[in-house]
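Shown next, in structure tokens, is the structure this report addresses.
No lab work stands behind these numbers, since they all come straight from the coordinates. Only a predicted model underlies this, so the values are computations on that prediction, with no experimental measurement involved. All Cβ positions, even for glycine, are placed from backbone atoms using ideal geometry, and neighbour counts span all protein chains on display.
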Amino acid sequence: MFDKLKSGFKGLVTKVTTTELKAENINPILSDFKMSLAENDVAFPVADRICDELEKRLVGVQVKRLEDRKKVVEENLRQVLLEVMLTNNKIDLLKKVEEKREAGEPFVLLFVGINGTGKTTTIAKVAQYIREKGYSVVFAASDTYRAGSIEQLEEHARRLGMRMIKHKYGGDPAAVAYDAISHAKAHGVNVVLIDTAGRMQTNQNLMNELAKVKRVVQPDLTVLTLDSLIGNDAVMQAEEFHKSIGIDATILTKVDADVKGGSALSVTYVTQKPILFIGVGQTYKDLELFNPEKFVNMVLR
């Protein structure tokens, strides 16, 4: 996982450690490193920020021994990466769910993202995660456009033994979501997970439809699923969705197959919204809470 990003960081540390920490020595190394970041799907504004910060922190630092210099370089790199990845608003999902349960209300999660990102499977994984923590779940099949989408979610609901609310294809997605929330309120269900059509972020009509769903249901969280394997396209999708409908968090899918790893760095920085989970496999249990500190430690190993 993230092997190419790891080797890029390792190469940087080695080069900087074995050179004198002067601007004329460091700048060419950082220039090469910036290209390495871009090749590993780190968005240009993020690569610029990382290299600018490193330059500020490293140029002119006086370190006597080689071993100490390596520690100084690694520690500064760790700090810079954490600054890029940390956002002001951390989301404690289970705490939020519990607060709504204590208030006698269902917690509503609206999932958005384009087809092919693994959105529907991710919803099922989130449902399993929430149920394992002791909460009840109902699905809303608000993707009423794509052929087979309702059956796909229905199959997940069947396998997990959970209830799903659906209408006919071509129906109003907002009405399905509204009915699911009403069902949850009437039956004391803790969490409503709403699937929506996989809209291309450039299709304004469909984005407007999504915005309408959000207006009607007023979800507690709007979560964007992104395929980590599509690199900078993930960053563009995140920007567009955030601009059009407003997102609160992202989930990165297919992270187990991602040798580059730049999407995780870039998406948080560009949206200033946290990554909630990462998908790391095919089964319902293959979902991990995302931890920026753990991610940074892993890519710097």
**Prompt:** About the Cα centre of segment 3-85, what is the dipole size in debye to 20, counting +1 per Lys and Arg Cβ and -1 per Asp and Glu Cβ, all else neutral?
**Reply:** 320 debye
**Request:** Out of all DSSP beta bridges with both ends in the chain, state the antiparallel percent to the nearest 5.
**Result:** 10 percent
**Fill in**
Expected sort for 193, 12, 300 with the fewest Cβ neighbours (10 Å cutoff) up front is 300, 12, 193
**the chain - charge dipole about Cα centre, Lys and Arg +1 at Cβ, Asp and Glu -1, debye rounded to 20** = 420 debye
**Fill in**
Percent of all Cα-Cα pairs per 10 Å bin for segment 3-85, counting from 0 up to the last occupied bin, reads 18, 58, 23, 1
**Asked** What is the distance, in nm, between label points placed 7 Å from the Cα along the Cα-to-Cβ direction at residue 205 and at residue 59?
**Response** 5.3 nm
**Message:** Let me check I've understood the local charge: for residue 176, count other residues with C-beta under 11 angstrom from its C-beta, Lys and Arg +1, Asp and Glu -1. What total comes out?
**Reply:** -2
**Item:** Computed helical MRE - 222 nm, the chain, DSSP H runs ≥ 4 contributing -39500 (n - 2.57), nearest 500
**Value:** -17500 deg cm²/dmol
**Asked** Within the P(r) computed for the chain, what percentage of the Cα pairs occupies the region above 31 Å?
**Response** 35 percent
**Complete:** So the FRET efficiency between residue 78 and residue 236, C-beta based with R0 = 25 Å and rounded to 0.05, is 0.35
**Fill in**
Rounded to 0.05, the calculated FRET efficiency for the beta carbons of residue 4 and residue 163 at R₀ = 41 Å is 0.45
**Item:** Principal-axis tilt of helix 119-132 within the chain, Cα atoms, nearest 10 degrees
**Value:** 80 degrees
**Complete:** Contour minus Cα-Cα span, residue 182 to residue 100, at 0.36 nm per residue, comes to 28.0 nm
**Cα centroid separation, segment 129-166 to segment 254-301 (Å)** = 24 Å
**Message:** Can you find, among 264, 234, 299, the residue sitting farthest towards the positive end of the charge dipole of segment 226-301, where Lys and Arg contribute +1 and Asp and Glu -1 at Cβ?
**Reply:** 299
**Item:** Segments 139-148, 288-297 sorted - mean Cβ within 10 Å per residue, highest first
**Value:** 139-148, 288-297
**Prompt:** residue 300 to residue 92: FRET efficiency via 1/(1 + (r/R0)^6), r the Cβ-Cβ distance, R0 30 Å, to the nearest 0.05?
**Reply:** 0.70
**Request:** Specify which residue in the list 12, 44, 123 is farthest towards the positive end of the charge dipole of the chain, using unit charges on the beta carbon of Lys, Arg (+1) and Asp, Glu (-1), about the Cα centre.
**Result:** 123
